[in-house]
Amino acid sequence: MNSMVTQFSYVLATALFIFSLHWMNDPKSARRGVFSGVAAMVIAIIATWAQPAIIIHHEWIVIAIVLGFMVGVPLSRVPLTAVPQRTALSHAFGGLAAGLVGTAEYFLWLSDAQENLTTFRMTAIIAEIVLGYLTFTGSIMAAGKLQGIKWIPQRPVTYPMQNVTNIGLLLLVLTLGIVLVMNPVNAWSSTVFLAIIVLALLFGVLFIIPIGGADMPTVISILNAYAGLSAVAMGFVLDNKLLITAGALDGSSGLILSIIMCKAMNRSFVNVLFGAFGQVQETQETEGEHKVYKSETPEGAAQILEQANLVVIIPGYGMAVSQAQHKVRDLYEQLKKRGITVKFAIHPVAGRMPGHMNVLLAEADIPYTDLVEMDEINPDMPQCDVALVLGANDVVNPAARYSKSSPIYGMPIIDADKAKTVFAVKRSKNPGFAGIENELYFSDKTWMLFGDAKAVLNELVKHLSSDNGM
Amino acid sequence: MHEVMQSMDYWSMLFVFVLSTFIGIGVIGRVSRLLHTPLMSITNAISAIAVVGSIIVTGSEHPLPIRVLGAIALFASTTNIVSGFLITDRMLKMFKGDRKNK
């Protein structure tokens, strides 16, 4: 009887989770999705907790939940520029939870219910701990890279035989896993189990260190999928279908986002994971001619902006770094006041996670109707009077169209070079994250505005508003 | 008999997994690209459904070390639920269409 109530609650929770994601298809209904998700979670927790036959130690549960609130609430208040690292950190927590529960279940059954360690269950436990622990360390490394923590290298770390080492390690884990599935209860089985945990933790670290900032959107999506799949594996272990459905929803979301990110960079999964950008950099220097930038003062740029009919702003990670989104908003207001149409062109991989730019611009109160996807804005680019490239680099590099030697060859880009005039705001003359020269900056119609994005925008806005004051 | 029941349940779990993956792909494929960051935060919170497993491990009559592992897992999952839903809502509140005020 009691279990009927529990199972019914789980079915209800699954339906609410699906609605929750369904409502995310439109910003207008999306907040309903959050309420539905919360409702599902509360139902699931109460239904589980209210099983008197199983749950005895209530005080432990209360303490863990209270601590979770104490950490969770501050984590939800981080500045929006820090959302990528918060997301990575929560993948780490998800992986850790799955790994620990898998470990607990294995040792529990090993000590007093060995008949539970069937081949099927053992396979699920191995999948759970491997995915869980590698997601844990991998996501911690990713979060560290994104946060810019000192002892975690920011640039991709490459060393000879790197791919061989990683693949070898993965094969070793798989082999040990198979051995353990076949011998779950031998005297040495728990040692093998612990070895798998250690290797999975190590693999998580090694798998992230060669990955650079530009690949972070893809990697975060892949880790998202892993975190979901580890929850699915936990469902198989505990014979709990709610874990399977909710985990599968998360897993498929991670999968879809990874595919979108890979397409937006014209790279395959394998290439992102095993082809660190480092190897291609040398080819860049060979072009002999010395190119020069033309730079422009904010004052001159302001005058040209005033004459425009259509201005397209192309934001990138540079905007997030200098927290310039609120200044962007001031510029947007100034231009709008003059009857100029202003659109934002959003490349799928701009920033450090899927949708990063949209959230920052929404925070700055820019209506989402003016945030336009790459595929929709590109046909309009020839009519664009001024393209303002704001801390973006690779996503506007025309070399992606034809230069076969370029590491970004084939990547779809925003056609900033088709606009009548281009202003590019850039911190320094160094090439972008991937170390690739961007010929857009040397084009006849491009003028550079060197400086921190926020400072440059501040100058622009100052000139525009003083002109207005007459 | 018992064996048969067991193996049938494995198959039904696999069915559930495959079908919910397809539902997930169908539903998430329609999510607006504008909302991919909040989408990731909310699926994060949803996958913290691992909380269910953690509660069972923590609250049952198990040896102490097992319950400690469960409690840490429960703490981690709760953190994800709380921060995941709160930050999703915080972000979604910021998405506004054409403003009428001002």
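The values are calculated or read from the model by the stated rules, or taken from the named source; none is laboratory data. Bear in mind the structure is a predicted one, so any value in this text is a computation, not a measurement. Here the Cβ positions follow ideal geometry from the backbone for every residue, glycine too, while neighbour counts run over all protein chains shown.
Quick look at the values:
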{"read-out": "Selection from the range A:319-354 of residues that are touching a strand residue (DSSP E or B) at 6+ places or on another chain (Cβ under 8 Å) and among the charged types (D, E, K, R)", "value": "A:336, A:343"}
{"read-out": "Qualifying residue in the range A:114-137 (condition: at the interface with chain B (Cβ under 10 Å from one of its Cβ atoms) and touching a Lys or Arg at 6+ places or on another chain (Cβ under 6 Å))", "value": "no"}
{"read-out": "Failed condition for residue A:168, given (1) touching a helix residue (DSSP H, G or I) at 6+ places or on another chain (Cβ under 7 Å); (2) more than 8 Å from chain B (Cβ to nearest Cβ)", "value": "(1)"}
{"read-out": "Restricting the range B:46-80 to residues that are among the hydroxyl-bearing types (Ser, Thr, Tyr) and either under 20 Å from the mean Cα position of the chain (by Cα) or at pLDDT 90 or above (or both), the residue that is farthest from residue A:112 (Cα to Cα)", "value": "B:79"}
{"read-out": "Residues that are surrounded by fewer than 24 Cβ atoms within 10 Å (Cβ to Cβ) and of a type in the set (A, V, I, L, M), drawn from the range A:1-40", "value": "A:1, A:4, A:5, A:11, A:12, A:15, A:16, A:18, A:38, A:39"}
{"read-out": "Hey, residue B:40 within 26 Å of residue A:356 (Cβ to Cβ), part of a helix (DSSP H, G or I) and either free of Cβ contacts under 8 Å to residues at least 24 places away in the same chain or under 20 Å from the mean Cα position of the chain (by Cα) (or both) or not", "value": "yes"}
{"read-out": "Subset of the range A:93-121 [surrounded by 24 or more Cβ atoms within 10 Å (Cβ to Cβ) and either of a type in the set (A, V, I, L, M) or assigned by TED's automatic domain parsing to the domain that holds residue A:356 (or both)]", "value": "A:96, A:97, A:98, A:100, A:101, A:104"}
{"read-out": "Among the residues listed as A:264, A:187, A:200, the single one being in the same structural domain as residue A:131 (by TED's automatic domain parsing), within 22 Å of residue A:123 (Cβ to Cβ) and either of a type in the set (Val, Ile, Thr) or assigned to a helix (DSSP H, G or I) (or both)", "value": "A:200"}
{"read-out": "Check on residue A:257, in contact (Cβ under 8 Å) with a residue 40 or more places away in the chain and at the interface with another protein chain (Cβ under 7 Å from one of its Cβ atoms)", "value": "yes"}
{"read-out": "Among (1) within 15 Å of residue B:46 (Cα to Cα); (2) surrounded by fewer than 22 Cβ atoms within 10 Å (Cβ to Cβ); (3) within 7 Å of chain B (Cβ to nearest Cβ); (4) not hydroxyl-bearing (Ser, Thr, Tyr) - the single one residue A:43 does not satisfy", "value": "(3)"}
{"read-out": "Residues (out of contact with any Phe, Trp or Tyr (no Cβ under 7 Å at 6 or more places or on another chain) and either within 8 Å of another protein chain (Cβ to nearest Cβ) or over 17 Å from residue A:204 (Cα atoms) (or both)) located in the range A:86-98", "value": "A:86, A:87, A:90, A:91, A:93, A:94, A:97, A:98"}
{"read-out": "Options A:71, A:62: the member that is assigned to a helix (DSSP H, G or I), outside the structural domain of residue A:195 (by TED's automatic domain parsing) and surrounded by fewer than 14 Cβ atoms within 10 Å (Cβ to Cβ)", "value": "A:62"}
{"read-out": "Selected residue (only one of A:101, A:83, A:73, A:78 is hydrophobic (A, V, I, L, M, F, W, C), within 17 Å of the chain's Cα centre (by Cα) and at the interface with chain B (Cβ under 7 Å from one of its Cβ atoms))", "value": "A:83"}
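Yes/no per residue for (1) under 19 Å from the mean Cα position of the chain (by Cα); (2) buried (at least 24 other Cβ atoms within 10 Å of the Cβ):
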{"site": "A:227", "(1), (2)": "yes, yes"}
{"site": "A:232", "(1), (2)": "no, yes"}
{"site": "A:235", "(1), (2)": "no, yes"}
{"site": "A:239", "(1), (2)": "no, no"}
{"site": "A:242", "(1), (2)": "no, yes"}
{"site": "A:245", "(1), (2)": "no, yes"}
{"site": "A:251", "(1), (2)": "yes, yes"}
{"site": "A:259", "(1), (2)": "yes, no"}
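Yes/no matrix, rows are residues, columns are (1) under 28 Å from the mean Cα position of the chain (by Cα); (2) not in a helix (DSSP H, G or I):
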{"position": "A:382", "(1), (2)": "no, no"}
{"position": "A:401", "(1), (2)": "yes, no"}
{"position": "A:410", "(1), (2)": "yes, yes"}
{"position": "A:414", "(1), (2)": "yes, yes"}
